[in-house]
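Some notes on the structure that comes next.
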Amino acid sequence: MQKEHQYQLTITWTGNTGSGTFDYRSYERAHTIKADNKPVIQASSDTAFRGDSTKYNPEELLLASISGCHMLWFLHLCAQHEIVVIDYTDKPTGVMVENPDGSGHFKEVVLHPVVKVSEAGMIDKTVALHEKAHQLCFIANSLNFPVKHDPACSV
């Protein structure tokens with residue numbers, strides 16, 4: 001039997017500068033993301049869409065979700081296989097295609113995890129576990145574009 005998990009956020013537009021959405025330039029794209037008992041995330045759109053570069057945009061948050069889910073599965077698998085990870089960093093990249101009508105979609109995301117393990121003998125197995133983590137990742141399994149991996153591992 002499948003388990004279901006429920007998630008809920010509150011997204012609030014905070015960009016009304018006094019005239020609402022009177023025209024495309026009359027409002028800010030600022031908004032907040034809230035969940036119970038968690039810090040508020042200040043967000044906006046990408047600067048290409050009149051957003052605030054000092055705030056996270058939905059595209060960056062999508063990359064963070066993909067990368068975070070992959071990392072958590074990967075660390076879980078390493079613990080199961082008695083691989084001691086001592087450091088993990090990822091700098092995911094994504095390509096989004098914008099259509100002439102303004103719509104768009106992600107073409108691909110590439111994860112670039114850099115992992116340090118405690119013993120050199122663990123490196124090959126560690127690199128191989130990225131594929132298994134990808135197969136298990138809830139977020140990657142929900143996407144309609146490829147998520148690729150370019151892992152590096154050292155001691």
Cα principal axis extents for region 10-49, largest first, Å:
35, 22, 11
Which ordering of TYR24, TYR7 is given by a fewest-first count of other beta-carbon atoms within 10 Å?
TYR7, TYR24
Quote to one decimal, in nm, the extra length available between THR14 and ASP36 on full extension: 0.36 nm per residue of separation minus the C-alpha distance between them.
6.0 nm
Choice from ASN16, ASN37, ASN99 showing the highest fluctuation, given a GNM over the chain with Cα pairs closer than 10 Å
ASN37
Antiparallel bridges, percent of DSSP beta bridges restricted to region 58-154 (to nearest 5):
60 percent
Candidate lysines - alpha carbon under 16 Å from LYS132, same-chain residues fewer than 8 apart omitted:
LYS148
Pairwise label distance in nanometres, ALA152 with HIS105, each label 7 Å out on the Cα-Cβ vector
3.3 nm
Taking R0 as 35 Å and r as the Cβ-Cβ distance between PHE22 and VAL114, the FRET efficiency 1/(1 + (r/R0)^6), rounded to the nearest 0.05, comes to 0.15
Please compute the Kirkwood hydrodynamic radius of region 64-155 from all pairs of different C-alpha atoms, in Å with one decimal.
13.8 Å
List, in order, the whole-Hz ³J(HN,Hα) value for each residue of region 105-113 obtained from phi through the Karplus relation with A = 6.51, B = -1.76, C = 1.60 and θ = phi - 60°; use x for Gly and Pro.
7, 6, 8, 6, 10, 10, 8, 10, x
Just add up the charged neighbours of ASN57: K/R +1, D/E -1, any other residue whose Cβ is under 12 Å from the Cβ of ASN57.
-1
For LEU63, LEU143, what's the fewest-to-most ordering of other Cβ within 10 Å of each Cβ?
LEU143, LEU63
Highest-MSF residue in the chain out of SER65, SER103, SER53 [GNM, Cα springs under 10 Å]
SER103
Taking amide H positions as placed in the peptide plane 1.01 Å from N, state which residues far from HIS31 in sequence (5 or more) or on other chains have amide H under 5 Å from it.
THR14, ALA43, SER44
222 nm mean residue ellipticity, helices alone, for the chain (DSSP H n ≥ 4; -39,500 (n - 2.57); rounded to 500):
-8000 deg cm²/dmol
Taking a ≥ b ≥ c as the square roots of the Cα gyration tensor eigenvalues, with a/c under 1.5 meaning rounded and otherwise prolate when a/b beats b/c or oblate if not, region 1-70 comes out prolate
Expected unfolding gain across GLN6-ARG50 under the 0.36 nm per residue rule, minus the alpha-carbon gap, is 12.6 nm
Set LYS55/LYS107; LYS55/LYS125; LYS34/LYS125; LYS3/LYS116; LYS38/LYS125 screened for pairs whose C-alpha atoms are more than 32 Å apart:
LYS55/LYS125; LYS34/LYS125; LYS3/LYS116; LYS38/LYS125
In a GNM of the chain with a 10 Å cut-off on Cα contacts, which of PHE145, PHE49, PHE106 has the highest mean-square fluctuation?
PHE49
Those trypsin sites (Lys or Arg not before Pro) from region 1-54 that are DSSP loop and have at most 10 other Cβ neighbours within 10 Å turn out to be LYS3, ARG25
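Rule-based calculations on the coordinates, nothing more; no lab input. Values in this document were obtained by computation on a predicted structure and should not be read as measured data. Cβ sites come from the backbone with ideal geometry, for glycine too, and all protein chains shown count toward neighbours.
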